[in-house]
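The values are calculated or read from the model by the stated rules, or taken from the named source; none is laboratory data. The structure displayed is predicted, hence computed values, not measured ones. We place every Cβ from the backbone using ideal geometry, glycine too, and count neighbours over all the protein chains shown. Surface areas here come from the heavy atoms of the whole protein model, side chains and all, with no ligands, DNA or RNA. Shrake-Rupley method; radii C 1.70, N 1.55, O 1.52, S 1.80 Å.
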Amino acid sequence: IPCIYKINATNTDSLLSSSIKNNEQDCNLNTPTWPLHPQKLTTPAGYPLYYLLPPKTKTPPQGVLIYLHGCYHSGHDFFLMPEERIIVQHALCSNLAVVSLESSDQNWGCWREADAALFWDADDYDNNQYNIDYDDYDNYHFGDDAITKWMEYVDLPKNLPRYGMGVSSGASILLSGFMSGDILKLDAVASYIIYPGQVDYNNMEEDLPPPTIFVHMPKDGATADHVANYRRKMVQNEIGVKEFMVHSKPFDVARCVSKIPELGGEEKCLKLITHLIDNYAHLLDPDTFEVKVGHEDKGWLKAWNEIKTELVGANGSIDSFKDVYYTSKMGREEKDGQLALIPELTFKSTPWIWACVLEEIGVCYARHKMTVEYIDEVFQFFREHGGGGMDGEKDTSIGGEL
């Protein structure tokens, strides 16, 4: 499995405690957050599961945040990418245990309805065939799902509130009542840039999701339309719902320093931004720092290749950073319960530092990218709908658009 890595067993405890200690001390979303070091287990279906627990100095965890990634990503990315790792840190500071699951698609990374089988006990389905009879799913042993087994492993109470967070195809899966209710038993869901291809509005009344907060980007035209349809259906069925829209923002030195500290601070970020505005004004506006085209444009990679040696060295990675955080992904496996360090390459086989830069460019352009924006509102929504978890009181009201 491409997302399982071997690390040296020595010093893993100190690495983990250091990572968690930093999480505890630094709960300011504006403080630069470095990649985090989750622990890794293997689910009964044979796929990796990554997690971190709140610092032991805090009171017992008050809930569980369950994350499903989008296409071209892995479960590991939640702890590594610039926007996502801030969300993890914020969750830990909010006394939530964080767990990130991985789809079965090791080519594209997208979630499918058939991936529901990954959360069941290996004895409950044929791992080589995904023939799920949704009319007969009461016969499956949902009590043995992967999340429940993980909670038992890390000694978390079974009755903790569960909150789902999904991106693109991961959000589509979570908005199935079958998935969020019968399998994952979620109290509330945060849907980011939902991928509309797997949504069936006609059967929504029979397959209702839990209370849901939508965070999306209007430049995703189809996504915005599907959010509107979902919201209307949920209001009609008296399910709590809120909606937030993320708009474009400047990609400037301050944002680069804050979101990508591993690039090397203000000096390196200034070099990158200066190179872009001096040579690629059609990508980044020299006056407003507005991102003028999406991250898919090949000009971004061309610009990066021209400046990367000055920023991170000829091999496209940071040597001093690599010694601490990186490990090879080729031909190695790690044991369950050890820390999962950052692989040399991403799911798409690109250097991590470039993937981080490109994510921030995409977030600033504001089209189909995960974002930390509105995370305070998301966690407040969880508090309102978590049955008393996260020091909140359950709110059964129907939310409006903010």
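Residues checked against (1) within 13 Å of the chain's Cα centre (by Cα); (2) under 18 Å from THR350 (Cα atoms); (3) open to solvent by 10 Å² or more (accessible area, probe 1.4 Å):
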{"position": "PRO61", "(1), (2), (3)": "no, no, yes"}
{"position": "ILE66", "(1), (2), (3)": "yes, no, no"}
{"position": "TYR72", "(1), (2), (3)": "yes, yes, yes"}
{"position": "PHE78", "(1), (2), (3)": "yes, yes, no"}
{"position": "ILE87", "(1), (2), (3)": "yes, no, no"}
{"position": "SER94", "(1), (2), (3)": "no, no, yes"}
{"position": "VAL98", "(1), (2), (3)": "yes, no, no"}
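Out of everything in segment 251-276 that is outside any helix (DSSP H, G or I) and under 23 Å from LEU36 (Cα atoms), what residue ends up being least open to solvent (accessible area, probe 1.4 Å)? It would help to see each step written out before you state the result.
Step one: of segment 251-276, the residues outside any helix (DSSP H, G or I) are 251-252, 260, 264-265.
Adding the requirement that they be under 23 Å from LEU36 (Cα atoms) leaves 260, 264-265.
Values: ILE260: 0, GLY264: 47, GLY265: 20 Å².
If we take residues in segment 251-276 being outside any helix (DSSP H, G or I) and under 23 Å from LEU36 (Cα atoms), then ILE260 is least open to solvent (accessible area, probe 1.4 Å).
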Residues to consider are PRO2, PRO55, PRO48; find the one that is modelled with pLDDT under 90, in contact with a Lys or Arg (Cβ under 8 Å, 6 or more places away or on another chain), open to solvent by less than 40 Å² (accessible area, probe 1.4 Å) and closer than 20 Å to GLY170 by Cβ.
PRO48
Mind checking which residues of segment 341-376 are aromatic (Phe, Trp, Tyr) and at pLDDT 90 or above?
TRP354, TYR365, TYR374
Tally the residues that are open to solvent by less than 30 Å² (accessible area, probe 1.4 Å) and of a type in the set (D, E, K, R), restricting the search to segment 210-225.
1
